[in-house]
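A short worksheet on the structure shown next.
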């Protein structure tokens, strides 16, 4: 797991409603969270979907982001809003518009046409608005799957790292 943005260090793991969440309620600037499989690239082409359980509060949506094999970060235009409820959300990558993303500041740059989503190094979510004083968004990213029609089965792609599991706060 990698955290991006000026206030990434304030994101914490908590146990809430019997699940492990990432909470960014104290972030005073945009932040992003990504996960990766160190041994494999993800293929987000064709019928690939990304599914996670997420909750957003206030009017600030989450956006899918990826780090391509060449190191470039891009952010998709399909925002996720759940109006305070934990919901299972599935994003299809086909037909999405993509924009370059500055990973240090979490700032959207120019539109990228036809990025190569067949070799994705990291995948995650970004919040483009600050969380502090505007409510919070919880990012439970540990029930995430990438599924392509070319694969035979759906399997969890990422597991909670041991270092993060030992640092989980209970609330």
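The values are calculated or read from the model by the stated rules, or taken from the named source; none is laboratory data. These figures come from a predicted structure and were not determined experimentally. Quick reminder, even Gly has a Cβ in these numbers, built from the backbone with ideal geometry, and neighbours come from all protein chains shown.
What to note about this one:
- Residues located in the stretch 51-68, provided they are surrounded by fewer than 14 Cβ atoms within 10 Å (Cβ to Cβ) and either closer than 15 Å to residue 124 by Cβ or in contact with a strand residue (DSSP E or B) (Cβ under 6 Å, 6 or more places away or on another chain) (or both): none
- Per-region count, the stretch 2-28, residues modelled with pLDDT of 85 or more and either assigned to a strand (DSSP E or B) or in contact with a helix residue (DSSP H, G or I) (Cβ under 9 Å, 6 or more places away or on another chain) (or both): 3
- Matching residues, the stretch 94-114, being without any contact (Cβ under 8 Å) to a residue 60 or more places away in the chain and assigned to a loop (DSSP other than H, G, I, E, B): 94, 95, 96, 97, 113, 114
- Meets criteria (surrounded by 16 or more Cβ atoms within 10 Å (Cβ to Cβ) and under 16 Å from residue 105 (Cβ atoms)) for residue 48: no
- Applying the condition of being in contact (Cβ under 8 Å) with a residue 40 or more places away in the chain and part of a loop (DSSP other than H, G, I, E, B) to the stretch 78-93 and asking which residue is nearest to residue 49 (Cα to Cα) yields 93.
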